[in-house]
């Protein structure tokens, strides 16, 4: 989890998908994402963060290249307020 460590991503808040292409591909497809093998052999895919509610539903998807942290925080706060 060197990547997560570099991002200072607390493991209780973040889950990083890792594995071989045949393992990761179906999961990304279930989220509506794609994969592509780069010339160097590595797998390319969209860089996204997902806000998932306690029932396991995706409430929001954020493209990390244009992540508005204030909006993400508002979405998280709204989700926390909506919890019973």
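Below are the figures for this structure:
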item: Selection from segment 12-38 of residues that are in a loop (DSSP other than H, G, I, E, B) and exposed (fewer than 10 other Cβ atoms within 10 Å of the Cβ); result: 12, 13, 20, 38
item: Residue list for segment 8-23, restricted to those being over 13 Å from the mean Cα position of the chain (by Cα) and farther than 20 Å from residue 54 by Cα; result: 8, 19, 20, 21, 22, 23
item: Enumeration of residues in segment 54-84 that are under 13 Å from the mean Cα position of the chain (by Cα) and either at pLDDT below 85 or surrounded by 10 or more Cβ atoms within 10 Å (Cβ to Cβ) (or both); result: 58, 59, 60, 61, 62, 63, 67, 72
item: Selected residue (criterion: nearest to residue 81 (Cα to Cα)) from residues of segment 39-67 that are part of a loop (DSSP other than H, G, I, E, B) and in contact with a helix residue (DSSP H, G or I) (Cβ under 7 Å, 6 or more places away or on another chain); result: 53
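The values are calculated or read from the model by the stated rules, or taken from the named source; none is laboratory data. Since the structure is predicted, the reported quantities are computational estimates derived from the model, not experimental observations. Every residue, glycine among them, receives a Cβ derived from its backbone with ideal geometry; neighbour counts consider all protein chains shown.
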